[in-house]
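The values are calculated or read from the model by the stated rules, or taken from the named source; none is laboratory data. If you're wondering where the values come from, they're calculated on a predicted model, not measured in any experiment. Neighbour counts run over all protein chains shown; Cβ positions are idealised from the backbone, glycine included.
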Amino acid sequence: MGAYAAAYQRSITDPARFWGLAARDIRWLAPPDRVLDDGAPPFYRWFTGGELNTCDNALDRHVVAGRGDQPALVCPGGDSGPPRAYTYMELTDLVARFAGVLAGLGAEPGDRVLVHLPMTPEAVIAVLACARLGVVHVAPSGGPDADALAAQIDVVRPKVIVSAAEDPAGSAKPVLDAALRLASHKVGHRVILRGPGGTSAVPPRDVDWDEAMAAARPAGCVPVAATDPLHVLFTPGTAGPAKGVVHDNGGYAVALRWSMEHLYGVGPGEVFGATCDLGWPAGLSSAIYAPLLTGCTLLLHEGGGAFLRVIAEHRVKGALTTPATIRALRERDGDRPRGHDLSALEAVFLAGERPDAGACAWASRALGRPVTGQWERPETGRPIAAAPRGLEPVPVRAGVAGPPTPGFDVQALGPDGRPVPPGTDGELGLRLPLPPGALATLWRDDERFVEAHLARYPGYYLTGDVGHLDEDGHVRVTGRAGARDTAPD
């Protein structure tokens with residue numbers, strides 16, 4: 001039995017032992033009493049009784065371990081600003097200072113802060129500062145209109161909003177301004193990151209980022225329960241009221257620390273590159289938290305034609321990008337990209353939309369590296385199916401997501417709720433309990449969580465996707481299950 005098959009089998013037959021061992025890579029302020037609390041199905045809780053701070057695990061612990069001078073965050077620059085880079089010590093200081101800004105505005109554990117920023121260093125700083133305080137950070141769905149954003153504001157009722165005076169697309173601030181006028185909930189404060197044209201902060205509600213940071217006192221890490229919410233991610237295209245997916249602190253930290261090394265194959269001190277937006281499913285998980293929890297160097301890049309140059313210059317080992325970036329490379333470089341030393345690169349993973357088989361096959365040939373898609377939902381926190389590079393190099397055919405990742409018992413279900421034969425499309429369900437890192441519930445709406453995802457086929461979580469398992473057990477997603485209460489890719 002190979003390393004992947006052995007790990008997957010252990011995760012399904014004895015999930016408490018599997019994830020209990022993975023939890024040893026997290027710094028706990030108080031150890032969990034139980035790994036898996038299954039006393040109230042269909043609600044399952046991970047690492048009950050445990051206390052930690054997710055920001056501490058992403059930053060402070062690496063400084064204490066002697067990695068303070070290692071690059072933590074590198075942004076090569078582009079439309080969003082000039083090149084910038086921060087060591088773990090520098091990033092910890094900036095995050096502690098912005099946590100002090102939020103605390104000075106009255107943000108306390110359990111309060112919500114809406115982070116409405118492009119994927120810049122400030123976005124990373126803002127979400128980690130929230131985690132440092134035990135404040136729940138909220139990411140709106142990618143590109144919502146003013147009505148949708150107003151609805152999301154009314155659902156979570158943020159105490160503070162962090163936004164930019166300008167953004168590369170030029171549309172985010174007008175949408176946010178309109179949403180604030182439409183929302184019933186009135187936000188107490190807004191921290192505004194100034195652009196080249198200056199700041200549009202209007203005191204006393206608005207606070208200028210740079211001025212506030214200059215005056216801030218650094219804040220320490222607040223212990224939180226493993227089951228306390230870390231963030232709320234709104235899903236795009238949701239039917240009905242805005243749906244906020246809740247991810248907790250403990251399970252999320254354990255799962256993402258495990259996935260960076262064992263799925264993506266990137267370990268402490270190595271470089272992981274990403275081109276995701278903050279509101280994408282992979283934007284928070286794989287592009288921010290997973291690399292930093294692992295002690296990697298995180299390279300954030302806008303994508304596009306300069307993607308390979310940046311990958312080569314920074315010696316990236318694993319990269320997460322979009323099919324759009326691959327299409328741009330294909331249009332620009334034709335059959336073979338030239339002039340880049342990609343010797344450090346081992347694999348490229350695609351997220352954000354389902355990649356077509358032709359794009360994956362072309363990129364794999366052109367780069368001489370595996371280029372594969374992955375199947376992830378906003379609710380799952382990490383890929384449900386993907387090539388497990390860190391366990392073993394499992395071959396994945398173009399257009400197929402890959403084998404189920406450890407913890408996810410994937411089944412294609414027929415109309416009667418029973419698994420269908422390999423190669424037959426069905427509604428893709430995940431047998432309960434969901435592993436750590438997956439959603440705990442919907443924001444203050446347990447009833448809707450059950451109705452939307454659990455009630456139809458008891459014992460399964462319905463993803464809303466349609467597809468099948470091949471004869472070799474790999475997952476192929478073929479579409480959506482219709483206009484049900486779940487989100488599209």
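Some values worked out for this structure:
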quantity	calculated
Any chance Arg389 is modelled with pLDDT of 95 or more, within 24 Å of Leu21 (Cα to Cα) and of a type in the set (Lys, Arg)	no
Strands (runs of 3 or more DSSP E) wholly inside segment 228-294 that include at least 1 residues being buried (at least 24 other Cβ atoms within 10 Å of the Cβ) and either among the small types (Gly, Ala, Ser) or without any contact (Cβ under 8 Å) to a residue 40 or more places away in the chain (or both)	244-248, 271-274
Condition check for Thr380: part of a loop (DSSP other than H, G, I, E, B) and hydroxyl-bearing (Ser, Thr, Tyr)	yes
In segment 383-415, the residues that are within 20 Å of Thr321 (Cβ to Cβ), among the aliphatic types (A, V, I, L, M) and assigned to a loop (DSSP other than H, G, I, E, B)	Ile384, Ala386, Ala387, Val396, Ala398, Val400, Ala401
Qualifying residue in segment 34-48 (condition: polar (S, T, N, Q), in contact with a Pro (Cβ under 7 Å, 6 or more places away or on another chain) and surrounded by fewer than 22 Cβ atoms within 10 Å (Cβ to Cβ))	yes
Residue in segment 175-182 that is closer than 22 Å to Asp56 by Cα, surrounded by 18 or more Cβ atoms within 10 Å (Cβ to Cβ) and touching a residue at least 60 places away in the same chain (Cβ under 8 Å) present	no
Search result, residues across segment 416-439 that are buried (at least 22 other Cβ atoms within 10 Å of the Cβ), part of a loop (DSSP other than H, G, I, E, B) and aliphatic (A, V, I, L, M)	Leu434, Ala438, Leu439
Test: residue in segment 334-345 that is of a type in the set (D, E, K, R), surrounded by fewer than 22 Cβ atoms within 10 Å (Cβ to Cβ), closer than 30 Å to Gly251 by Cβ and out of contact with any helix residue (DSSP H, G or I) (no Cβ under 6 Å at 6 or more places or on another chain)	no
Filter pass, Gly407 being under 25 Å from Tyr264 (Cβ atoms) and in contact with a Lys or Arg (Cβ under 6 Å, 6 or more places away or on another chain)	no
